Amino acid sequence: MCPDTPPETVRSKGSKGQTHQLMINKQNDPHQFALGLKDACCTEPCCCLFSSCGTPFGCTACWARKAVLERYTEGGMDEYVCCQGYVPQCCCCNMAECCKGSSCGLCLEGFCCTVFSLSIARLHLMDMKQIRPDPCDYQLIQCSNCLQLISCILDIVAIFVKEARELAHIVDCIADLFTCSVAGCMGAQISHEIAKDGPKGNQIVYVVVTGVPVGGALSGSLAAQDQMGGVAPQVAVPVAVPVGQPGAPPEGEEMER
């Protein structure tokens with residue numbers, strides 16, 4: 001019921017619609033995550049569990065935002081801005097200029113918009129390494145939207161029909177648990193990616209999508225990632241991307257295939 005291919009258009013509005021559009025625009029990026037979302041709970045069970053439990057309190061989002069900044073940006077926390085520039089200016093509020101380099105701002109973002117902040121950390125990582133969305137991303141987005149829509153409808157019905165209130169509470173719990181489980185998988189996926197690349201200063205490893213030649217034209221479907229089977233041949237090749245640009249490794253580093 002939920003295909004693993006991106007939709008042709010985004011109907012969501014506001015920040016959610018912009019996030020979904022970014023995911024669609026990245027479908028032809030040449031690299032993939034070392035660990036897919038569908039395998040995260042089996043490969044990193046403890047990390048997945050802790051990330052799920054920490055999601056409602058903002059702990060997972062705060063850790064992920066800080067970890068990605070410190071590992072993949074030259075300035076680390078000094079380069080933090082509210083929502084990392086993924087939310088455009090709204091009226092007189094320019095998010096890209098708010099809380100620059102502020103640890104307090106990062107904590108407020110993580111605690112107040114926990115799942116959105118975690119998604120921003122993952123998008124930032126994807127931009128820095130030119131990683132395309134996992135095939136499960138689109139399925140999870142559609143399933144989550146469906147659950148939230150059903151929950152909203154039942155909440156409205158429960159206002160007028162007392163007998164429907166218990167069902168509305170049950171569906172609310174299911175939707176929240178689903179969101180926490182997905183956030184746990186995202187936290188485990190980010191942790192696995194950072195651990196694979198090692199401490200800052202180490203060589204960054206890029207896993208090239210099957211069927212996409214390095215430096216060549218992009219080809220193959222998004223679902224081609226699943227053909228990797230968790231094992232990717234790695235051959236060091238130079239990166240012809242200007243240093244400092246999104247997706248470019250720091251100077252002196254190489255890309256592995």
> How many residues does region 94-138 hold that are polar (S, T, N, Q), on the phi < 0 side of the Ramachandran plot and under 14 Å from the mean Cα position of the chain (by Cα)?
Replying inline: 3
> Would you pick out the residues in region 30-75 that are touching a helix residue (DSSP H, G or I) at 6+ places or on another chain (Cβ under 6 Å), of a type in the set (Asp, Glu) and assigned to a helix (DSSP H, G or I)?
Replying inline: 70
>> So, residue 225, is that one of a type outside the set (Val, Ile, Thr), at pLDDT below 90 and surrounded by fewer than 19 Cβ atoms within 10 Å (Cβ to Cβ) or not?
In response: no
> Can you tell me which residue in region 29-75 is farthest from residue 185 (Cα to Cα), limited to those that are under 15 Å from the mean Cα position of the chain (by Cα) and of a type in the set (Lys, Arg)?
Replying inline: 66
> Filtering region 137-185 down to residues that are of a type in the set (Val, Ile, Thr) and surrounded by 14 or more Cβ atoms within 10 Å (Cβ to Cβ), which residue is farthest from residue 49 (Cα to Cα)?
Replying inline: 157
>> Please determine whether any residue of region 76-96 is more than 18 Å from residue 186 (Cα to Cα) and in a strand (DSSP E or B).
In response: yes
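Let's see how each residue does on (1) farther than 30 Å from residue 66 by Cα; (2) assigned to a helix (DSSP H, G or I); (3) β-branched (Val, Ile, Thr):
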{"site": "149", "(1), (2), (3)": "yes, yes, no"}
{"site": "153", "(1), (2), (3)": "yes, yes, yes"}
{"site": "158", "(1), (2), (3)": "yes, yes, no"}
{"site": "167", "(1), (2), (3)": "yes, yes, no"}
{"site": "176", "(1), (2), (3)": "no, yes, no"}
{"site": "180", "(1), (2), (3)": "no, yes, no"}
{"site": "185", "(1), (2), (3)": "no, yes, no"}
{"site": "195", "(1), (2), (3)": "no, yes, no"}
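The values are calculated or read from the model by the stated rules, or taken from the named source; none is laboratory data. The structure presented is a predicted model; accordingly, all values stated were derived computationally and were not measured. Note that we place each Cβ from the backbone using ideal geometry, even for glycine, and neighbour counts take in every protein chain shown.
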